[in-house]
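To start, the structure under review is shown below, and the notes come after it.
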């Protein structure tokens, strides 16, 4: 009996393995059905070839069709022609002499057109079309042949799948029969059943141990769900759940809810200067200080990054500010990391509400207060006021008006001259954007550019200004240069180089007459895109100036990586040049540095003759300001007419 039982079990094992093999084979055949792409690839190739012929034919008879459009279709055709040498289609063509020769002919035609398309006139192209038409029928046969091959392959795969299905069904039925026989035989194996009972008992004991282990793991998992992995503080998930609970209790007890948001000032600089490991160590030290304070363990949270939160109820505004200051004083104490003293400050936003019961709104209000605090400078504490929400709503209205202004073309360009400091001859003009608001009148860029950068509308706005400025400069008889400010958002776009090149080509302005002004903050980013963009533009001949120089904090290191053409000295130094020795020394340092790096220095905000005299004495090359002219919507006729 035991031998029979062992034999049946062995056969079941073999059958199960064979069924697994059959399932594997069926999956392999099913996968083959998705691999036959010859016909699709060939159809795509032939379709693109016919489309290119059509475009080429239209070009030869229609003067409105541009060669760039034909080149675009031709480039698409070239990308599709790679299919002749790759993948299944490439192997299929190589295996057929006729198709292989056709591929060589097509490659020869495309190679010839690639080198001569722009050089051939319409008559030559029309004549060459006849040669291209000779490939239409062979390409059709290639597509048809690939389709027949794929259909045959799919039919064969379907036949194999059907055979595997029959074998699988028969084996499954046999497996069921053997299982039934096995069940009957087990019924008579009482001693084996008893042994199985003992095994089950042993297994139950193991399960009990596993259950206890699982409970411990669940407890740890529950802890991890509500605690930050880096600092072991309560996390964002617990913050939102406790905020909902606090709101419910406050409503029941008719008391207030207090939400505080803490944000570390210039924490990014710690990461950038000392590394992310140092930043993590700083966060852990901050969390230990917070947890050591005499506050209940469930009121402080780390929401993520360098943002922390505090929840409470029943606090007055003065008590809340005092509590926030106490937390800030603890955080703001110096830290020692890698034998380096690190000082950091904290900005706080507070909301205290007895009426608002929506958790997302309370968080939003605290975040608005935090935004106001950070705008005022590091280490500030701000309590939410209704005007903050009104300010946000005004910002949203401004965003809407700006979007409409782009559609209605309400943005215009004003031009301010930049002159030679010594001869006072006009060297270039700076293009300055203005907004002709239908209700507020003429608005300066300070009132809308920050919002445009935040929303991304600066890309379209900057493109419009660049196009208007280049078009205006191209109309001048005197070839003065044109300077255009570029936002950090624009420099972060990999498409910006193409936009500049397209505008120069469309307006006909030489690249060396365009000067792009970038701020130091444009270059302070972990991304290499801004620097790469400026290098590409400079290689094209476009001049690059660094604007508001001296107001940043990493200027020298950036100057060594990109050879700027000009340095624009910030007007804050120029205004103080006659009254403050420090400003005079700074300008002397900048002009000297510019000369040593073969760059030109431009002083902004020159308003008096005394300022100009001082700049001349310091060797400043160019000057710009009200002394020479205010921004105007049009250029002097002498520049236009020569």
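Residue-wise test of (1) at pLDDT 90 or above; (2) part of a helix (DSSP H, G or I); (3) touching a strand residue (DSSP E or B) at 6+ places or on another chain (Cβ under 7 Å); (4) closer than 21 Å to residue 228 by Cα.
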{"position": "295", "(1), (2), (3), (4)": "no, no, no, yes"}
{"position": "333", "(1), (2), (3), (4)": "yes, no, no, no"}
{"position": "349", "(1), (2), (3), (4)": "yes, no, yes, no"}
{"position": "362", "(1), (2), (3), (4)": "yes, yes, yes, no"}
{"position": "370", "(1), (2), (3), (4)": "yes, yes, yes, no"}
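Is region 547-555 home to any residue that is in a loop (DSSP other than H, G, I, E, B), over 28 Å from the mean Cα position of the chain (by Cα), surrounded by 16 or more Cβ atoms within 10 Å (Cβ to Cβ) and modelled with pLDDT of 90 or more? Looking through region 547-555, none of the residues is in a loop (DSSP other than H, G, I, E, B), over 28 Å from the mean Cα position of the chain (by Cα), surrounded by 16 or more Cβ atoms within 10 Å (Cβ to Cβ) and modelled with pLDDT of 90 or more.
Looking across region 181-194 at every residue that is assigned to a helix (DSSP H, G or I) and surrounded by 10 or more Cβ atoms within 10 Å (Cβ to Cβ), the one that is nearest to the chain's Cα centre (by Cα) is identified as 182.
The residues on offer are 601, 583, and the sole one that is touching a helix residue (DSSP H, G or I) at 6+ places or on another chain (Cβ under 6 Å), surrounded by 13 or more Cβ atoms within 10 Å (Cβ to Cβ), at pLDDT below 90 and not in a loop (DSSP other than H, G, I, E, B) is 583.
For region 335-347, the set of residues classified as part of a loop (DSSP other than H, G, I, E, B) and within 30 Å of residue 240 (Cα to Cα) consists of 344, 345, listed by residue number.
Among all residues of region 398-413, there is at least one that is touching a residue at least 60 places away in the same chain (Cβ under 8 Å), part of a strand (DSSP E or B), at negative phi and surrounded by fewer than 19 Cβ atoms within 10 Å (Cβ to Cβ). Of all residues in region 213-226, one or more are in contact with a strand residue (DSSP E or B) (Cβ under 7 Å, 6 or more places away or on another chain), surrounded by 15 or more Cβ atoms within 10 Å (Cβ to Cβ) and either outside any helix (DSSP H, G or I) or modelled with pLDDT of 80 or more (or both). Out of 238, 290, one residue alone is touching a helix residue (DSSP H, G or I) at 6+ places or on another chain (Cβ under 6 Å) and either modelled with pLDDT of 85 or more or in a helix (DSSP H, G or I) (or both). It is 238.
Taking the stated definitions as given, is residue 284 outside any strand (DSSP E or B), at pLDDT 90 or above and within 22 Å of residue 253 (Cβ to Cβ)? It is false that residue 284 is outside any strand (DSSP E or B), at pLDDT 90 or above and within 22 Å of residue 253 (Cβ to Cβ). Of all the numbered requirements in (1) modelled with pLDDT of 75 or more; (2) in contact with a helix residue (DSSP H, G or I) (Cβ under 8 Å, 6 or more places away or on another chain); (3) farther than 15 Å from residue 53 by Cα, residue 129 misses one, and that requirement is (3).
Out of all the residues in region 468-478, which are at pLDDT 90 or above and either in a loop (DSSP other than H, G, I, E, B) or within 25 Å of the chain's Cα centre (by Cα) (or both)? Selection gives 475, 476. Scanning region 44-63 for residues being surrounded by fewer than 16 Cβ atoms within 10 Å (Cβ to Cβ) and farther than 9 Å from residue 80 by Cβ gives a total of 7.
Taking each residue of region 110-132 that is closer than 16 Å to residue 73 by Cβ and looking for partners that are in a loop (DSSP other than H, G, I, E, B) with beta-carbon atoms closer than 8 Å, six or more apart or interchain, yields 128/120. Looking at residue 435, is it part of a loop (DSSP other than H, G, I, E, B) and buried (at least 19 other Cβ atoms within 10 Å of the Cβ)? It is false that residue 435 is part of a loop (DSSP other than H, G, I, E, B) and buried (at least 19 other Cβ atoms within 10 Å of the Cβ).
You will find that of 424, 416, the residue that is touching a residue at least 60 places away in the same chain (Cβ under 8 Å) and on the phi > 0 side of the Ramachandran plot is 424 and no other.
To keep it simple, each residue is scored yes or no on (1) exposed (fewer than 13 other Cβ atoms within 10 Å of the Cβ); (2) more than 28 Å from the chain's Cα centre (by Cα).
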| residue | (1), (2) |
| --- | --- |
| 321 | no, yes |
| 353 | no, yes |
| 379 | no, yes |
| 393 | yes, no |
| 425 | yes, yes |
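Scanning region 612-626 for residues that are buried (at least 22 other Cβ atoms within 10 Å of the Cβ) and part of a helix (DSSP H, G or I) yields 612, 615.
The values are calculated or read from the model by the stated rules, or taken from the named source; none is laboratory data. These numbers come from a predicted model, not from an experiment. Glycine gets a Cβ as well: all are built from the backbone with ideal geometry, and neighbour counts include every protein chain shown.
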